[in-house]
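Taking it in order: structure first as structure tokens, then the write-up.
Every read-out reported here was derived from the displayed coordinates using simple, explicitly stated rules and does not represent laboratory data. Just so you know, these numbers come straight off a predicted model, no measurement behind them. Cβ atoms come from the backbone with ideal geometry, glycine included; neighbour counts cover every protein chain shown.
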């Protein structure tokens with residue numbers, strides 16, 4: 001049995017403090033990409049997105065959740081999932097989670113591997129940020145958004161940080177730690 005592989009993991013936290021910080025990316029050429037809110041919380045669909053987007057970049061924190069735990073996560077007021085579709089096929093998603101005092105965290109964002117490098121990510125991120133800023137319009141019990149933030153790490157795709165910076169996010173914290181490599185099944189075991 002081999003020893004677990006350890007490595008240095010760097011995590012960067014980024015933020016926007018005004019809707020005016022957003023530098024939007026235009027839609028990809030053509031009319032093929034649409035972005036739609038998944039208005040009905042669906043653990044099965046959300047798990048599909050999570051495993052399909054994060055399978056090759058080591059997303060593991062939600063893989064062990066039960067269906068009930070997925071429902072509890074998704075069915076809270078203000079939690080929203082916005083999905084990019086390319087000609088009707090899910091291409092990626094952005095999920096955000098409102099926190100107290102008008103703070104919204106983008107907890108997951110990414111594209112399925114087949115859709116990366118096609119100018120969809122900047123467009124999806126731009127639309128997700130817009131929706132985070134206008135969250136109170138859809139959830140009147142929420143106070144207006146005053147800050148949108150996210151974190152990314154050295155395991156994420158090679159263009160992730162550049163996309164965040166181009167959209168107007170500013171770095172506010174960098175952390176490093178020793179981590180152990182964890183295998184991920186991708187969208188299904190053996191993928």
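Assorted remarks:
- Stretchable slack from residue 66 to residue 32, in nm (0.36 nm times residue separation minus alpha-carbon distance): 8.8 nm
- Label point of residue 182 set 7 angstrom out along Cα-Cβ; within the range 27-68, amide nitrogens under 12 Å from it belong to 58-65.
- Taking a ≥ b ≥ c as the square roots of the eigenvalues of the alpha-carbon gyration tensor, the range 60-107 is classed oblate because a/c is 1.5 or more while a/b is no larger than b/c.
- Exposure proxy order (Cβ contacts within 10 Å, fewest to most) of 129, 106: 106, 129
- R0 of 41 Å, Cβ-Cβ distance residue 9-residue 87: FRET efficiency to nearest 0.05: 0.70
- Listed values (1) 42, 38, 31; (2) 75, 34, 27; (3) 54, 37, 36, entry calculated as Cα extents along the principal axes in Å: (3)
- For residue 141 and residue 118, the difference between the fully extended length at 0.36 nm per residue and the C-alpha to C-alpha distance is 4.5 nm.
- Beta bridges per DSSP, both residues in the range 6-180: antiparallel share near 90 percent.
- Full extension of the chain between residue 107 and residue 171 gives 21.4 nm of extra length, using 0.36 nm per residue less the Cα-Cα distance.
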